[in-house]
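K.L.:
What follows is a single structure, and I will ask about it in a moment.
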Amino acid sequence: MKIGIIGAGNIGATLARKLAASGHEVKLANSKGPDSIRDLARDVGATAVSKEDAVRSVEAIILSIPFANYPDLAGLFKDVPTDVVVIDTSNYYPFRDGAIAEVDGGRPESTWVSEQIGRPVVKAWNAVLAETLAERGQPNGTSGRIAIPVAGDDPKAKATAMELVEATGFDAHDSGSLGDSWRQQPGTPAYCTELTRSELRSALQSADQSRAAGNREALIREFAAAGGKLTHDEIVARNRAVTA
Ligand SMILES: NC(=O)c1ccc[n+]([C@@H]2O[C@H](COP(=O)([O-])OP(=O)(O)OC[C@H]3O[C@@H](n4cnc5c(N)ncnc54)[C@H](OP(=O)(O)O)[C@@H]3O)[C@@H](O)[C@H]2O)c1
């Protein structure tokens, strides 16, 4: 598949590496321009391009930029055919992104993203830590394989996103509509807790929207206080404990 990725950081570059390794043709873009990611793109098996080029002549587009920057992408999709699948990996963290009233008021993050860019999106890969994505993928059929929730309203677009999630080494789990995608946002039991498919199904069902923002903030405070001293497994364990 021809894929454009906007955002060449922890998540975008890792997705580029994994999708290129599984045979996809990947273009990678950032905000500073292709010259600034030429070496990175070569290293991960992708081609460095501008944002405009990343959305041209592709079958899927992955957006992986800081949440507050999505309004920058408004207008980018005006000539992109409607059958091109747009996948959003984002999460909202007010300490980093500033307060966004609609999302604080309960609008699912990816619904807000979709409104900013003027396109339907599928939400995927948001609920795995960058290290999980980079290091913990496994071949299909491996016992204990970690599952990733994939939410969206268009069945065909969601099927494409799920195929790509599987290609990155994780079970793709259909987590419902975009309206339901608050169930996989920060502060919920499904978020960055490294669950198998059956565990993920239960976690999504048990999510409590009224607790999510409080859990998210409690975890951020805890991680900040630890000053980078927690191991990856300790972070996952704290995510599980606080959101249970
Ligand atoms: N890190 C994680 O563990 C994790 C896990 C799951 C989901 N996520 C979510 O995935 C998204 C990306 O996270 P990340 O950790 O990969 O971020 P990151 O490492 O900070 O990388 C962000 C990338 O986005 C690019 N960018 C920023 N603004 C842009 C714009 N207006 N147009 C085009 N490119 C732009 C940056 O390019 P420049 O450097 O050129 O500005 C950079 O390449 C976030 O929404 C995050 O919440 C993160």
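K.L.:
Taking the residues in the range 1-10 that are part of a loop (DSSP other than H, G, I, E, B) and crowded, with 16+ Cβ neighbours inside 10 Å as candidates, determine which candidate is farthest from the ligand (Cβ to nearest atom).
P.N.:
Just the residues of the range 1-10 that are part of a loop (DSSP other than H, G, I, E, B), to begin with: 1, 7-9.
Of the ones still in play, those that are also crowded, with 16+ Cβ neighbours inside 10 Å are 1, 7-8.
Working: Met1: 20, Gly7: 4, Ala8: 4 Å.
Only one residue fits best here, namely Met1.
K.L.:
Continuing with this model, one more query. Within the range 11-34, track down each residue that is within 12 Å of the ligand (Cβ to nearest atom) and of a type in the set (Gly, Ala, Ser).
P.N.:
Just the residues of the range 11-34 that are within 12 Å of the ligand (Cβ to nearest atom), to begin with: 11-16, 28-34.
Selection gives Gly12, Ala13, Ala16, Ala29, Ser31, Gly33.
Results for (1) touching a strand residue (DSSP E or B) at 6+ places or on another chain (Cβ under 9 Å); (2) surrounded by 23 or more Cβ atoms within 10 Å (Cβ to Cβ); (3) over 24 Å from Arg238 (Cα atoms), shown as yes or no for each residue.
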| site | (1), (2), (3) |
| --- | --- |
| Ala151 | yes, yes, yes |
| Asp154 | yes, no, yes |
| Met162 | yes, no, yes |
| Val165 | yes, yes, yes |
| Phe170 | yes, yes, no |
| Ser177 | yes, no, yes |
| Gln184 | yes, yes, no |
| Leu200 | yes, yes, no |
| Gln209 | no, no, no |
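K.L.:
For the range 11-97, please list each of the helices (runs of 4 or more DSSP H) lying entirely inside it that holds at least 2 residues being surrounded by 16 or more Cβ atoms within 10 Å (Cβ to Cβ) and of a type in the set (A, V, I, L, M).
P.N.:
On the way: elements: 38-44, 51-54, 94-97.
In the range 11-97, 38-44 are the helices (runs of 4 or more DSSP H) which contain 2 or more residues that are surrounded by 16 or more Cβ atoms within 10 Å (Cβ to Cβ) and of a type in the set (A, V, I, L, M).
K.L.:
Kindly indicate the residue of the range 35-79 that is free of Cβ contacts under 8 Å to residues at least 24 places away in the same chain, hydroxyl-bearing (Ser, Thr, Tyr) and over 15 Å from Ala20 (Cβ atoms) and also nearest to the ligand (Cβ to nearest atom) among those meeting that condition.
P.N.:
Ser36
K.L.:
Moving on. For the range 152-201, how many residues meet the condition of being farther than 22 Å from Val113 by Cβ and without any contact (Cβ under 8 Å) to a residue 12 or more places away in the chain?
P.N.:
1
K.L.:
Which of the following residues is within 12 Å of the ligand (Cβ to nearest atom) and closer than 21 Å to Gly179 by Cα: Val113, Val86, Val122?
P.N.:
On the way: Val86 fails: within 12 Å of the ligand (Cβ to nearest atom); Val122 fails: within 12 Å of the ligand (Cβ to nearest atom).
Sole residue among the options that is within 12 Å of the ligand (Cβ to nearest atom) and closer than 21 Å to Gly179 by Cα: Val113.
K.L.:
Looking at the range 102-130, I want the residues that are charged (D, E, K, R) and at pLDDT 95 or above and have a partner that is part of a helix (DSSP H, G or I) and buried (at least 24 other Cβ atoms within 10 Å of the Cβ) with Cβ atoms under 6 Å, at least 6 apart or on another chain. Which pairs are those?
P.N.:
Sorted first by the residue in the range 102-130, then by its partner, the pairs are Lys123/Ser110; Lys123/Ser181.
K.L.:
Now for a separate question. Of the residues that make up the range 104-122, is at least one among the aliphatic types (A, V, I, L, M), surrounded by 20 or more Cβ atoms within 10 Å (Cβ to Cβ) and part of a loop (DSSP other than H, G, I, E, B)? Steps first, please.
P.N.:
Applying the first criterion (among the aliphatic types (A, V, I, L, M)) to the range 104-122 yields 113, 117, 121-122.
With the extra rule that they be surrounded by 20 or more Cβ atoms within 10 Å (Cβ to Cβ), the set shrinks to 113, 117, 121-122.
Right, trim to part of a loop (DSSP other than H, G, I, E, B) and you get 121.
Checking the range 104-122: at least one residue is among the aliphatic types (A, V, I, L, M), surrounded by 20 or more Cβ atoms within 10 Å (Cβ to Cβ) and part of a loop (DSSP other than H, G, I, E, B).
The values are calculated or read from the model by the stated rules, or taken from the named source; none is laboratory data. Since the model is a prediction, treat every value here as computed from it, not as a measurement. Heads up, the Cβs are rebuilt from the backbone with ideal geometry, glycines too, and the neighbour counts pull from every protein chain shown.
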